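Undergrad: One structure coming up, written as structure tokens, with questions to follow.
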Amino acid sequence: MNFLYRCGWIFFRVLFTVYLRWRAFNAERVPRTGSVILACNHASILDPPVVGCALHRQINYLARATLFDIPVVGWLFRKWNSIPIDRDGGNAAGLRIILERLHAGNGIILFPEGTRTRDGNLQPAHSGIGLIVAKSDAPVVPVRTFGTFEALGRDMKFPRPKKVAVKFGRTMNFEKLRAESKTCSKARLKEIYQQIADEIITEIAKLEPRAD
């Protein structure tokens, strides 16, 4: 970890442990080195640090592109390996950076649902994560956070002292679908992207807040 990343890692880890009674389950399932996609549900803006604090390696994060224009904040996000994403369209540059970082052996958190839930429940998966999985060779680890919606949902201004946890599932590999995606028709390719996304969200839904 670079110095600023480690400072943030320590800060959030202590804060979550003391204020949110944070717990992590089966973090050892995430490889300590090499590329990996952490496919997580999205209940709160707390989800990225709640996941990242459980891992003893640097992880790349996605962040709204406009945040990078804020003095100090943008600089800090870059030090924390964040990738700017344009929520209003034009995500080609963000997709390119995501794939470049995966091909370079980095880990990254992605959200199959695309955006934060409004009611705390899992939403249908978008095909975007399927595209990224198909175009990379990174293993996929399903991840689920618990309690983050109750602690800091979309409409909340300040986190409540609710108990939170994160659970890491077993690695998913998509060799057959990745191989098929290289030669199939465009119509089938869209189906593959959505099939990958659906399989990932199904595994996320199975996770429970306890060690296996």
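Undergrad: May I ask you to list, by number, the DSSP H helices of the chain whose Cα span along the axis is at least 27 Å and whose average Kyte-Doolittle hydropathy reaches -0.5 or more?
TA: Correct list, ordered by number: 186-206.
Undergrad: Right, next: Straight-line reach from residue 167: which lysines have a Cα under 27 Å away, not including same-chain ones fewer than 8 places off?
TA: Answer for residue 167, where 27 Å is the Cα cut-off: 79, 135, 157, 176, 206, listed by chain and number.
Undergrad: Take the Cα radius of gyration of segment 7-60 and divide it by 2.2 N^0.38 Å, with N its residue count; two decimals is plenty.
TA: Ratio of Rg to 2.2 N^0.38 Å for segment 7-60: 1.12.
Undergrad: For residue 23, enumerate residues with amide H under 5 Å from its amide H, sequence gap 5+ or separate chain, H modeled in the peptide plane.
TA: Placed amide hydrogens put 164, 165, 166 under 5 Å from residue 23.
Undergrad: About the Cα centre of the chain, what is the dipole size in debye to 20, counting +1 per Lys and Arg Cβ and -1 per Asp and Glu Cβ, all else neutral?
TA: That gives a dipole near 480 debye.
Undergrad: Regarding segment 8-153, what's the average projected area of the Cα-atom convex hull, expressed in nm²?
TA: Its average projected convex-hull area is 8.7 nm².
Undergrad: Sticking with this one: Any number yet on Rg/Rh for segment 159-212, C-alpha, Kirkwood?
TA: Using Cα coordinates only, the ratio equals 1.18.
Undergrad: Follow-up question, since we're still on this one. Output wanted: per-residue J couplings in Hz (rounded whole) for segment 145-151, from phi through Karplus 6.51 cos²θ - 1.76 cosθ + 1.60, θ = phi - 60°, x for Gly and Pro.
TA: Values, residue by residue: 9, 10, x, 5, 5, 5, 6 Hz.
Undergrad: Given the Cα-Cα distance of residue 18 and residue 72 and 0.36 nm per residue of separation, how much length would full extension add, in nm?
TA: 16.8 nm
Undergrad: Using a 10 Å cut-off on Cβ atoms, rank the peptides 137-145, 187-195 from the highest mean neighbour count down.
TA: Highest to lowest by the protection proxy: 137-145, 187-195.
Undergrad: Tell me the mean residue ellipticity at 222 nm calculated for the chain from its helices only (DSSP H runs of n ≥ 4, each -39500 (n - 2.57), averaged over every residue, nearest 500).
TA: The helix-only estimate for the chain comes to -11500 deg cm²/dmol at 222 nm.
Undergrad: Once you place label points 7 Å from the Cα toward the Cβ at residue 173 and residue 158, how far apart are they in nm?
TA: Those two pseudo-labels are separated by 5.0 nm.
Undergrad: If packing is taken as the average count of other Cβ atoms within 10 Å, what order do 30-39, 155-164 fall into, highest mean first?
TA: On the way: 30-39: 18.5, 155-164: 12.6.
Per-residue mean Cβ counts within 10 Å order the peptides as 30-39, 155-164.
Undergrad: In nanometres, what is the gap between the two model label sites at residue 188 and residue 97, each 7 Å from Cα along Cα-to-Cβ?
TA: In this crude spin-label approximation the distance works out to 3.5 nm.
Coordinate-derived values only; no laboratory data. What you see is a predicted model, and the numbers here were worked out from it, not measured in a lab. Cβ coordinates were reconstructed from backbone atoms using ideal geometry, including for glycine residues, and neighbour counts include every protein chain displayed.
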